[in-house]
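Before any comments, here is the structure.
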Amino acid sequence: MKVIVIAGAAHAFLASIGQVFGETAIAWEDAGEGYQQGIIAGVTAYFENLELTPEQEHQKWLDAKLADGWVHGEPTDTAPKTHPLLLPFAELPVEHRVKAIILYAAVHALKDLPDVDDVEAAVAAAVAEALAKKPAGKAAAAPSNNPVLVIGGNIPVQYIGRKEAYTDHLYGTGLSFEKGQVRGLPTEVARKFLRHGDMFREAGEGAVVTEPVQPLDQDDTSKTLDEAAKRQKEDQDKENTLIDLKQHVSNMTKNALCEYAMTNYRQKLDSRVSVAELRQQVTGMIDQFGAV
């Protein structure tokens, strides 16, 4: 969660800098999915290695793109795979070098902020503890005059954004909303959406509804959330595998590194270079091609 929050903050900094170079500022929620994922990937890379420099982070991106068949060219296009920023860091336009440094600075400035989910969990635990200590026999609080609408036991969240439709990629739920649509969301998911008051609001305050807005056989909220949770677990398992593998590589000798690169990636390494350089090369192969 912290990575996503910092990615959004970094985007605000980058949008402000972009205006200096004549670019139009775009809100985070209006930015394309590819752009959002790129910023999140950059923040994640710095979190994984706080000693990573903007030059090194750009080189990792450049190597991954080249390995995937991309070439330098105008404009950015997926067919053919052309991108104007497929250049060494020193040859990038000045505005892009500035933005890379701003992203690096944003991560290091905000990396020690508490995670929002951790704070919410701590508050919830404190409230539960306080309620548990409530003296016996004390009169119960009067019921609220403005009860919360309940959909299938969940909190109803309505999409009120400017676009006619919205698909969530920020929190990884994969939920899609049409303008005005209401979905009953579990409390922890609803809280995340409701942080964005310009896009979502709690629906139907002042009324109590215990049935879903749509018939159960037509509402796909639970199914979509379950599928998203499964994907996130699979992604986390893959990430854990890569972290373990990189840790293993960090302890390999020169001979082991050369053998590993040849066996798994059919790459012949120069054993005359330092062991640190060999480890960096093998780690780069893992980043590009994954665990083999």
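Any read-out appearing in this document is the output of simple, stated calculations on the displayed coordinates, not a laboratory observation. Everything quoted here is computed from the prediction, not taken from an experiment. Here Cβ is always computed from backbone atoms with ideal geometry, including for glycine, and neighbour counts include all displayed protein chains.
Pairs of lysines in region 2-116 whose Cα atoms sit within less than 24 Å of one another amount to 10, provided the residues are eight or more positions apart or on different chains. Of the residues Met252, Met262, the one with the fewest other Cβ atoms within 10 Å heads the list, and the complete ranking is Met262, Met252.
Each of the peptides 60-72, 165-177 was scored by the mean count of other Cβ atoms within 10 Å over its residues; in descending order, highest first, they stand as 165-177, 60-72. Under the combined filter of DSSP loop state and at most 12 neighbouring Cβ atoms within 10 Å, region 240-292 retains these trypsin sites (Lys or Arg not before Pro): Arg266, Lys268, Arg272. What is the calculated FRET efficiency for Asp30 to Ser250, with r their C-beta to C-beta distance and R₀ = 35 Å, to the nearest 0.05? That gives a FRET efficiency of 0.30.
Here Lys179 is the anchor, and the lysines within straight C-alpha reach of less than 23 Å, apart from those fewer than 8 places off in the same chain, are Lys163, Lys192, Lys223.
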